[in-house]
Amino acid sequence: MIAARSGRTADITKIVLEGEHINLDIQEKNGDTAVIIAVKSHEPDTLRELVRAGSDLNLQNQEGLTPLMIAAMSGRTDITKILLEGEHINLDIKEKRTGRSALHFSAEEGDSATTEALLKAGANPHHKDKYGVTAMELAPLVSQSVREMMTTLPSRFASQRAVRRLKSESKDLEGDDTSSMLKLEGQELESEGRDPTAGQQSQVRKKMTPEMDPEHSPDFDL
């Protein structure tokens, strides 16, 4: 943590490359990890080494903030993009007190560049905080193009990163790949206030032959 705070990237690199057994995710009394300290100190080189070494990027400090939330609030798009390189980063974790995500914070700050980076990485603009407010409603100051991106992006983002994340999460669910993906899709639809069974209905309809599908059954003259 001292190395992270001082920006001594060479020291961290040496520890990692020499294979020393070190817990990168130890938290201070306030819950800050080495990654959070590197973010707060604006040390991109140190942060990059910690990300590459496999640090947990989803740990929250006592304020309920993740490294990504802190980066989003600080307006440092370069720091945000380094965090987005992390293999298992969760873009939609909610801050404990308000229920806001990193996207909420960047939108509220009017930071178009960071907001765009989060959206392209797969952050969900439909998530609501504890007061029912979405990131879109907090974004009066971001550029028009970013606001349009929020409204036109589909609920299931097409970026390769979002697809990889969904596939990775599906492996942790019970059942075959199809049922796992349906569970994830149901959770996504429900978070948007839509019918969580819509995905299942779509899959069933795909498996139905024309004879089985009532919408495609032939009309018979009696």
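Numbers at a glance
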{"read-out": "Efficiency of FRET from Cβ geometry, Gln144 and Ser41, R₀ 41 Å, rounded to 0.05", "value": "0.75"}
{"read-out": "For peptides 85-92, 59-66, sequence by mean Cβ density within 10 Å, most packed first", "value": "59-66, 85-92"}
{"read-out": "Separation in nanometres of the label points that stand 7 Å from Cα toward Cβ, at Asp25 and Ala53", "value": "1.5"}
{"read-out": "FRET E, pair Glu63, Lys130, Förster distance 22 Å, beta-carbon r, rounded to 0.05", "value": "0.90"}
{"read-out": "Projected label distance in nm at Lys120 and Glu137, using a 7 Å step from Cα toward the beta-carbon", "value": "2.9"}
{"read-out": "Label-to-label distance, nm, for residues given as Thr151 and Glu87 (7 Å Cα→Cβ offset)", "value": "4.0"}
{"read-out": "The stretch 102-139 and the stretch 21-76: distance between their alpha carbon centers, rounded to Å", "value": "20"}
{"read-out": "Sites matching trypsin sites (Lys or Arg not before Pro) across the stretch 106-137 that sit in DSSP coil, with at most 14 neighbouring C-beta atoms within 10 Å", "value": "Lys130"}
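Readers should treat all values here as calculations from the given coordinates under stated rules, not as data from a laboratory. On a predicted model such as this, the values are computed, not experimentally measured, just so you know. Backbone-built Cβ (ideal geometry, glycine too); neighbour counts: all protein chains shown.
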